1. Heavy-atom accessible area per residue, the stretch 1-139, 1.4 Å probe: how many Å²?
2. With every protein chain kept in place and ligands, DNA and RNA left out, what is the accessible area per residue of the stretch 253-390? Probe 1.4 Å, answer in Å².
3. What do you get for GluC sites (Glu not before Pro) in the stretch 265-313 restricted to DSSP loop and a cutoff of at most 11 other Cβ within 10 Å of the site's Cβ?
4. Which order do the peptides 191-204, 388-401 take when ranked by the mean count of other beta-carbon atoms within 10 Å per residue, highest first?
5. Keeping all protein chains in place, calculate the accessible area per residue for the stretch 192-245 (probe 1.4 angstrom), answer in Å².
6. Taking a probe of 1.4 angstrom, what is the accessible area of residue 184 in Å², to the nearest 10?
7. Which is farthest toward the positive dipole end of the stretch 1-130 among 62, 25, 109, measuring Cα position about the Cα centre, with Cβ charges +1 (Lys, Arg) and -1 (Asp, Glu)?
8. Using the C-alpha atoms of the stretch 195-236, what convex hull volume per residue, in cubic angstrom, is computed?
Amino acid sequence: MTYDVIIVGAGAAGLMTAIQAAQGGLRVLLLEGQKKVGAKILMSGGTRCNVTNKVISEKDFNSGQIIHVRNILRSFSNADTIGFFKDLGVELVLEPTGKYFPSTHSGKTILEALLRKINSTKVTLLCEHKVKAISRDKDEFVLQGDNFHFNCNNLVLTTGGLSYPATGSNGTGYRLAQSFGHSMVETTPALTPLTTQDEDLKSLSGITLEVQLTLLADGKRLYSRRDSFLFTHFGFSGPVALDISRHYLHARGQKQINANFIPDYDENSFATYLRQVAAKGPRKTLRGLLIELMPQRLADIILKKAGVEGTLPMNQLDKVSRQRLIGKCVYYPLDVTGVFGYSKAEVTAGGIDWAEINPKTLESKLMPGLYFAGEILDVDGRIGGFNFQWAWASGYTVAQALIR
């Protein structure tokens, strides 16, 4: 039997492509190398699965051709995603952060709904089928692996990138694409924790708070974002640290990440606040002041790094000490030694080069009938449901092209 389309990789993009193509009347085979499908769906968002976001635009993504990303996102919007899952019987709820989660707060709900649809649309799903080689025989693709081979008219690679290799993202799709002559935009981990050698900060492991992080390269501000920040035993995590990681990796020159641990203040407004507190309560201690603004253990480290005694009354704080304290609170220079790497990266930056892709259909310009969707392409979004939205939108786009 020759399938109309074979999709390699049963993650978010692969499942969406399969469902949409089968609904269009195509005979679809979906191959997954792992024992089970959708590992990243189950683990994302702390297992809650952040499906999409309230506001989606190309500004939330990084890519060599951001205009193409914009057009694909417009073809299947966040509203379309919400409607799609509603039709599958899944209610999505909006949180104050702008993130949409299933009302059950479980990625299992999302995966089970997708698999029910896969079954009802009569997609043939085969797990533990790792594709090792693909060749072209006349007008058909021939896929080969251990003890199997399949033929198809059209082929879609939705194998993801290199992030979380334990889930099956091991670069297979890149190698298969390169066998047809495709080239790559250099890949790096993205949305991955930062590492440090600062033992004082590592001792704060488990503390979370809202922080503004700013990346500088040779003194020039490159990126700044405010969000939740988590101290870990190896460095820094949480959405704001994950978001800045890909920019840190790609920055050139002398790099520095500064943290504002009291992001409602800047240098001037915090100096004003200190004067106001001193005027109202001159005997209030510095430590007493700081633990009203941040976790106690962090306040103690700030005082230590600033070289200021925490028991010192506000009215005895000299100008030099005040400036040191302000600096450590609003632009603390984090000792970042690097990033954790692909093993903890939520997504891969880089991928298949847009120059070799039809931006309207995501079909290869080098091999007719070969398509790409999801993370395998040179697209990566920030944290907050954006990468899932890219998976849904790019999968939908490919399926519509196949149906046409």
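1. Result: 48 Å² of accessible area for each residue.
2. 42
3. 292
4. Highest to lowest by the protection proxy: 388-401, 191-204.
5. Per residue, the stretch 192-245 has 39 Å² of solvent-accessible surface.
6. 60
7. Checking the options against the dipole of the stretch 1-130, the answer is 109.
8. It comes to 73 Å³ per residue, whole-number rounded.
The values are calculated or read from the model by the stated rules, or taken from the named source; none is laboratory data. Since the structure is predicted, the reported quantities are computational estimates derived from the model, not experimental observations. Using ideal geometry, Cβ is built from the backbone for each residue, glycine included, and neighbour counts are taken over all protein chains shown. Surface accessibility is based on the protein's heavy atoms, side chains included, excluding ligands, DNA and RNA. Shrake-Rupley method; radii C 1.70, N 1.55, O 1.52, S 1.80 Å.
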